[in-house]
Each structure stands twice: as structure tokens, then as C-alpha cells.
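The structure under discussion appears below in the form of C-alpha cells.
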Amino acid sequence: MNKINNMLLNGEVDAKTANALLYGCNVCLGAIRVDDQQAKLNELERAIKELEVDGKKYF
């Protein structure tokens with residue numbers, strides 16, 4: 001993202017293209033965050049299931 005900003009400031013890319021590139025970057029970052037959150041949720045669910053014995057919760 002910094003590279004795109006530098007390219008914009010140096011006149012190597014126009015504002016419309018820089019905006020489109022940065023938008024794409026933000027979409028990708030959002031997807032990564034959702035994926036990371038889902039992985040953490042899955043890990044927590046697994047840990048809770050490990051604490052359950054014979055249907056009883058020990059927490």
C-alpha cells in the first residue's frame with residue numbers, strides 16, 4: 001500500500017488507478033481478517049469441546 005502511495009506521489013500512477021489498487025488491497029485485507037477470525041473461532045470451539053466430557057461442561 002505504501003508503494004502505491006509513493007507511486008501516486010511520484011506521478012508514476014494516476015489517482016484513479018491508485019484508488020482502484022488500494023480498494024483491491026482493502027478488500028483482500030478484509031478477507032484475511034475474516035479468515036483469521038474464523039480460524040480463532042474454530043480453535044475456541046475445539047477447546048470447548050475438549051472440556052466437555054459425557055455431555056457435561058467443566059468450565
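The values are calculated or read from the model by the stated rules, or taken from the named source; none is laboratory data. What you see is a predicted model, and the numbers here were worked out from it, not measured in a lab. Because the Cβ atoms are built from the backbone with ideal geometry, glycine has one as well, and the counts that use them run over all protein chains shown. Accessible surface is based on the protein model in full, side chains and every heavy atom, while ligands, DNA and RNA are left aside. Shrake-Rupley method; radii C 1.70, N 1.55, O 1.52, S 1.80 Å.
Tabulated results
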read-out	value
Nonlocal Lys pairs with alpha-carbon distance under 21 Å, the chain (8 or more apart, or different chains)	4
Dipole magnitude of the chain about its Cα centre (Cβ charges: Lys, Arg +1; Asp, Glu -1), debye to nearest 20	100
Net charge of Cβ neighbours under 12 Å - reference residue 22; Lys, Arg +1; Asp, Glu -1	+2
Helix 15-51 axis, angle to the chain major axis (alpha carbon atoms, nearest 10°)	10
Accessible area expressed per residue, the chain, with surrounding protein chains retained (probe 1.4 Å, Å²)	90
Carbon plus sulfur fraction of accessible area for the chain, probe 1.4 Å, in percent	57
Extension gain (nm, one decimal) between residue 7 and residue 35, 0.36 nm per residue minus Cα-Cα	7.1 nm
